[in-house]
2 protein chains.
Amino acid sequence: MANSTDGGPLAPAGGGAVTGLLHPGEMGAAVGSVLRASGRMVLWASSGRSAESRRRAELAGLEDVGTAEELSRRVDVIVSVCPPHAALDVARSVAGFQGIFVDANAVSPTTARELAAVITAGGGRFVDGGIIGPPPAADNPTRLYLSGTDAALIIGLFNETPVAARVVSDEIGAASALKMVYAAWSKGTAALLLGIRAVARAEGVEPTLLDEWRDSLPELPGRSLGAARSASTKGWRWVAEMEEIASTFAAAGLPDGFHRAAAWIFDRSPRLERGQADEQTLDEVLALLPQPGHRPEAH
Amino acid sequence: MANSTDGGPLAPAGGGAVTGLLHPGEMGAAVGSVLRASGRMVLWASSGRSAESRRRAELAGLEDVGTAEELSRRVDVIVSVCPPHAALDVARSVAGFQGIFVDANAVSPTTARELAAVITAGGGRFVDGGIIGPPPAADNPTRLYLSGTDAALIIGLFNETPVAARVVSDEIGAASALKMVYAAWSKGTAALLLGIRAVARAEGVEPTLLDEWRDSLPELPGRSLGAARSASTKGWRWVAEMEEIASTFAAAGLPDGFHRAAAWIFDRSPRLERGQADEQTLDEVLALLPQPGHRPEAH
């Protein structure tokens with residue numbers, strides 16, 4: 001490690017702390033980029049990553065150290081930002097890391113505690129995290145919620161960046177729970193809107209529904225197009241997130257059906273590159289959902 | 001029947017047509033009241049109904065003819081406005097009626113076709129209907145969507161009333177489908193919000209969620225209080241409506257989980273009289289939802 005994090009707060013070292021990013025996708029690369037822009041050194045490990053990831057990491061100014069093992073020897077803090085289905089494998093890839101591991105992924109509190117067990121078993125310290133909002137931009141800060149006894153040590157790392165880091169509580173799982181209940185609405189309702197459009201289309205009442213929406217719920221025509229755009233570009237990595245939310249509901253004694261259904265819908269979304277929402281995007285999403293007469297498995 | 005409805009349109013007779021209402025609750029009594037206010041004769045049948053229903057019918061100026069059988073002999077049009085779980089029994093109570101029966105209840109297209117079969121088997125004519133919006137008021141008209149080959153005949157009945165009657169199509173089931181997809185959002189998201197508040201509370205992150213909502217989704221704190229008010233006063237009759245929506249999704253090949261979960265939540269709502277939404281109402285609703293560690297049946 002470049003700096004010892006034992007005992008003293010990371011805050012004074014925050015500016016000088018070396019951060020490792022695993023595995024920077026769109027959000028991770030953006031977080032790395034704002035850390036670089038504020039003068040921090042940020043490493044990443046290209047081994048096994050795609051050409052697209054390499055391109056993004058280079059653009060963000062991240063230094064490639066090759067492997068996760070090498071990265072874990074050279075940094076004070078590791079931040080994991082990956083699709084939720086990969087979170088456990090990513091943590092295992094740096095088992096033995098002695099610094100502070102921040103899992104910033106959309107996982108259930110139960111999964112967060114499993115991740116903490118992997119890291120602390122190897123001698124590392126674990127901070128639970130949850131990112132809310134789009135990738136950081138100066139005019140619209142991304143919120144990074146943190147929890148666990150070492151959460152406050154991470155705040156300084158993001159000083160003077162458009163990432164607003166906030167401590168939720170001392171408990172591992174709290175930051176993840178917050179992410180789950182937030183996304184339960186934002187992504188759960190996106191899936192619901194797509195389901196509603198599909199049923200309305202199958203029943204031949206979509207034009208009348210759109211007229212009624214324009215009168216009484218005028219935000220919904222546009223929101224359903226936005227849901228189609230999101231599903232077609234990001235739905236593939238929201239499947240596991242919906243399953244994590246469903247598990248969070250079940251663990252709290254609530255029904256998991258909303259988000260099992262949402263996972264089912266995102267799992268059938270196309271994978272498009274286009275960022276623009278239009279009626280055609282919606283058509284492409286709905287075309288991959290089953291047609292009348294099909295019987296989905298119970299959800 | 002007071003007027004023959006064979007052959008000619010009801011529209012000229014619309015003003016003079018005698019309407020029977022089965023079974024006027026809050027919405028039904030309000031519909032009867034606006035028909036009365038526009039000078040129409042409106043009958044109802046008090047047999048087996050509650051003192052509360054009697055009071056409402058009297059206030060609305062409806063004429064009591066005792067039984068459903070008597071009512072079916074004396075009217076041109078019957079409008080059924082009842083909780084969806086009662087719709088089939090209400091239709092059966094006037095089997096043999098020779099006029100036009102309008103089912104205005106929140107039922108699936110499949111249930112609407114079952115209702116049509118009951119009425120037409122007895123020689124009556126069936127119009128499918130779906131009511132959207134709160135009870136009619138001059139400044140906020142309720143929409144009554146109608147479908148079926150006789151749908152246009154019903155339009156005239158509501159001329160010069162704050163009920164905006166509109167024909168969706170010739171097909172029995174279309175008006176019900178429209179009601180289903182509309183309520184899939186309005187009531188489905190109410191249940192989801194209550195579930196989210198319950199999970200956030202169980203996980204100890206509700207205050208942080210409310211802070212984040214106030215910044216980025218500022219309508220949700222108020223909407224979740226409104227959801228609690230609705231659930232605590234109307235949730236008991238939304239359970240069957242959510243099941244009808246779930247069946248509508250399944251019949252279209254989409255997952256039924258969103259609305260099975262919503263039914264589960266409304267089924268556990270308290271039955272309060274209070275119309276005011278406040279934090280205490282929300283507390284009362286959430287207190288009846290299971291606590292962490294409880295495992296709900298799969299949904």
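The values are calculated or read from the model by the stated rules, or taken from the named source; none is laboratory data. Bear in mind the structure is a predicted one, so any value in this text is a computation, not a measurement. Every residue, glycine among them, receives a Cβ derived from its backbone with ideal geometry; neighbour counts consider all protein chains shown.
Within segment A:135-155, does at least one residue satisfy the condition of being at the interface with chain B (Cβ under 9 Å from one of its Cβ atoms) and β-branched (Val, Ile, Thr)?
Among the residues of segment A:135-155, not one is at the interface with chain B (Cβ under 9 Å from one of its Cβ atoms) and β-branched (Val, Ile, Thr), which makes the answer no.
Kindly indicate the residue of segment B:184-210 that is more than 9 Å from every other protein chain (Cβ to nearest Cβ) and surrounded by fewer than 23 Cβ atoms within 10 Å (Cβ to Cβ) and also farthest from the chain's Cα centre (by Cα) among those meeting that condition.
B:Pro207
Of the residues B:Arg73, B:Arg49, B:Arg40, only one is out of contact with any strand residue (DSSP E or B) (no Cβ under 9 Å at 6 or more places or on another chain) and either closer than 18 Å to B:Val127 by Cβ or modelled with pLDDT of 95 or more (or both); which? Steps first, answer last, please.
Values: B:Arg49 fails: either closer than 18 Å to B:Val127 by Cβ or modelled with pLDDT of 95 or more (or both); B:Arg40 fails: out of contact with any strand residue (DSSP E or B) (no Cβ under 9 Å at 6 or more places or on another chain).
Residue meeting the stated conditions: B:Arg73.
Can you report the number of residues in segment B:43-66 which are more than 21 Å from the chain's Cα centre (by Cα) and either polar (S, T, N, Q) or not assigned by TED's automatic domain parsing to the domain that holds B:Val77 (or both)?
So the count comes out to 1.
Take the conditions touching a residue at least 40 places away in the same chain (Cβ under 8 Å), surrounded by 24 or more Cβ atoms within 10 Å (Cβ to Cβ) and in contact with a helix residue (DSSP H, G or I) (Cβ under 9 Å, 6 or more places away or on another chain) and apply them to B:Ala45. Does it pass? Please lay out each step first, then the result.
Numbers: touching a residue at least 40 places away in the same chain (Cβ under 8 Å): no; surrounded by 24 or more Cβ atoms within 10 Å (Cβ to Cβ): yes; in contact with a helix residue (DSSP H, G or I) (Cβ under 9 Å, 6 or more places away or on another chain): yes.
Considered against the rule, which asks whether it is touching a residue at least 40 places away in the same chain (Cβ under 8 Å), surrounded by 24 or more Cβ atoms within 10 Å (Cβ to Cβ) and in contact with a helix residue (DSSP H, G or I) (Cβ under 9 Å, 6 or more places away or on another chain), B:Ala45 comes out as no.
Pick from segment B:133-154 the residues that are of a type in the set (A, V, I, L, M) and either surrounded by fewer than 18 Cβ atoms within 10 Å (Cβ to Cβ) or touching a Lys or Arg at 6+ places or on another chain (Cβ under 8 Å) (or both): which of them is farthest from B:Ala60 (Cα to Cα)? Don't jump to the end; show me each part of the working.
If we filter segment B:133-154 for residues that are of a type in the set (A, V, I, L, M), which is where we start, we get B:137-138, B:144, B:146, B:151-154.
Among the residues that remain, those that are also either surrounded by fewer than 18 Cβ atoms within 10 Å (Cβ to Cβ) or touching a Lys or Arg at 6+ places or on another chain (Cβ under 8 Å) (or both) are: B:137-138, B:144, B:146, B:152.
Working: B:Ala137: 14, B:Ala138: 16, B:Leu144: 19, B:Leu146: 23, B:Ala152: 26 Å.
This residue is B:Ala152.
At pLDDT below 95 and charged (D, E, K, R), is that true of A:Glu160?
The answer is yes for A:Glu160.
Kindly establish whether B:Leu35 is of a type outside the set (D, E, K, R) and either touching a residue at least 40 places away in the same chain (Cβ under 8 Å) or surrounded by 20 or more Cβ atoms within 10 Å (Cβ to Cβ) (or both).
Details: of a type outside the set (D, E, K, R): yes; either touching a residue at least 40 places away in the same chain (Cβ under 8 Å) or surrounded by 20 or more Cβ atoms within 10 Å (Cβ to Cβ) (or both): yes.
Yes, satisfied.
Just one of B:Glu219, B:Glu160, B:Glu244 is more than 7 Å from chain A (Cβ to nearest Cβ) and in contact with a Pro (Cβ under 6 Å, 6 or more places away or on another chain); which is it?
Exactly one residue qualifies, and that residue is B:Glu244.
List, please: which pairs have Cβ atoms under 8 Å, are six or more places apart or on different chains, and start with a residue in segment A:231-255 that is buried (at least 21 other Cβ atoms within 10 Å of the Cβ) and end with one that is acidic (Asp, Glu)?
A:Ser232/A:Glu284; A:Gly235/A:Asp267; A:Ala246/A:Asp256; A:Thr248/B:Glu203; A:Phe249/A:Asp256; A:Ala250/A:Asp256; A:Ala252/B:Glu203
Of everything in segment B:247-298 that's part of a helix (DSSP H, G or I) and of a type in the set (Asp, Glu), which residue is modelled with the lowest pLDDT?
Here the residue is B:Glu279.
What residue, of B:Gly66, B:Gly130, B:Gly122, is modelled with pLDDT of 95 or more and buried (at least 24 other Cβ atoms within 10 Å of the Cβ)?
That would be B:Gly130, the only listed residue that is modelled with pLDDT of 95 or more and buried (at least 24 other Cβ atoms within 10 Å of the Cβ).
Within segment B:167-183, track down each residue that is more than 7 Å from chain A (Cβ to nearest Cβ), closer than 15 Å to B:Glu243 by Cα and hydrophobic (A, V, I, L, M, F, W, C).
B:Met180, B:Ala183
Sort out for me the helices (runs of 4 or more DSSP H) sitting completely within segment B:141-235 that have 2 or more residues that are outside the structural domain of B:Leu272 (by TED's automatic domain parsing) and closer than 21 Å to B:Arg113 by Cα.
Those helices (runs of 4 or more DSSP H) span B:152-155, B:174-202.
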